[in-house]
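Just so it is clear, none of the values below were taken in a lab; they were calculated from the coordinates. Note that this is a predicted model, so its numbers are computed, not measured. Here the Cβ positions follow ideal geometry from the backbone for every residue, glycine too, while neighbour counts run over all protein chains shown.
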Amino acid sequence: MKGIILAGGIGTRLYPLTLITNKHLLPVYDRPMVLYPLETLKNSGISEVMIVCGKEHAGDFMNFLGSGKQYGVKLSYALQSGAGGIAEALSLAEDFTDEEKVAVILGDNIFEDNFLKDIELFNRGAKVFLKKVEDPQRFGIAEIKNSKIIAIEEKPQSPKSDYATTGFYLYNHDVFDKIRKLTPSKRGELEITDVHNMYINEGDLFHGFISGFWSDTGTFESLLKTSNWVEKKKKLKK
């Protein structure tokens, strides 16, 4: 299985920090943000990784990460023009996957868990990972019935649950066929939630739950919270 880190976008919620650099290169405590998802993939048994990033800061990613040898992985890069959405960014990695199954992680998501066992057992469809949240209006929210996800709604005003779909996904290679069928949402983007609902309609979306710490770092509050968590975790290890 190959890994993909989606690190595009312009990070408007973190202005002015992101006026001169990419969000995923901002520090989370003592390391640039992108190293955390890279570590998650490595700890989950994945050694070949593509980073999809915006062309404005592609050189910064390459100068920092290089070939990936220093971090124990082999890195490739793809460039996303504009903010076309998570699904569009994922589509840019199709050739890289060589028709293998893929593990996809959002570059601003930081997990305490690793996904080694999930990857070993994954054999078809798609799998998402859920975490209970206090602010479900910010996320794609899963509606669950009889222990199955029956729908996912993106940033709902009236959430059907408080279980958010976190930014780690497993897909069979047919995910790229599904992306080609998408039409842009009202935001003008190709939504990954629409891909997941396609899998739901086919009875082929599976889910697990995140037991450890998880946060996206797309706001000042979550960036600070995550940095504080990393600091506390490092102090406990000493």
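Kindly check whether there is at least one residue in segment 87-98 that is in a helix (DSSP H, G or I), surrounded by 22 or more Cβ atoms within 10 Å (Cβ to Cβ) and either touching an Asp or Glu at 6+ places or on another chain (Cβ under 7 Å) or charged (D, E, K, R) (or both). Break it down into steps so the answer makes sense when it comes.
So in segment 87-98, the residues in a helix (DSSP H, G or I) come out as 87-91, 94-97.
Restricting the remaining residues to those that are surrounded by 22 or more Cβ atoms within 10 Å (Cβ to Cβ) gives 87-90.
Pick out the ones that are also either touching an Asp or Glu at 6+ places or on another chain (Cβ under 7 Å) or charged (D, E, K, R) (or both) and you get 87-88.
There is at least one residue in segment 87-98 that is in a helix (DSSP H, G or I), surrounded by 22 or more Cβ atoms within 10 Å (Cβ to Cβ) and either touching an Asp or Glu at 6+ places or on another chain (Cβ under 7 Å) or charged (D, E, K, R) (or both).
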Problem set entry | Selection from segment 181-238 of residues that are under 29 Å from I150 (Cα atoms) and of a type in the set (D, E) | E189, E191, D194, E202, D204, D216
Seminar exercise, completed: Within segment 176-215, the count of residues that are farther than 19 Å from D118 by Cα, among the aromatic types (F, W, Y) and within 15 Å of the chain's Cα centre (by Cα) comes to 0
For this session: Select from segment 124-162 the residues that are closer than 16 Å to D204 by Cα, assigned to a loop (DSSP other than H, G, I, E, B) and in contact (Cβ under 8 Å) with a residue 12 or more places away in the chain and list them in ascending order.
Result: R124, G125
For this session: Could you check how many residues of segment 1-51 are of a type in the set (A, V, I, L, M) and more than 14 Å from the chain's Cα centre (by Cα)?
Result: 10
Seminar exercise, completed: Per the filter on segment 201-228, residues in a helix (DSSP H, G or I), surrounded by fewer than 17 Cβ atoms within 10 Å (Cβ to Cβ) and of a type in the set (A, V, I, L, M, F, W, C) are F220, L224
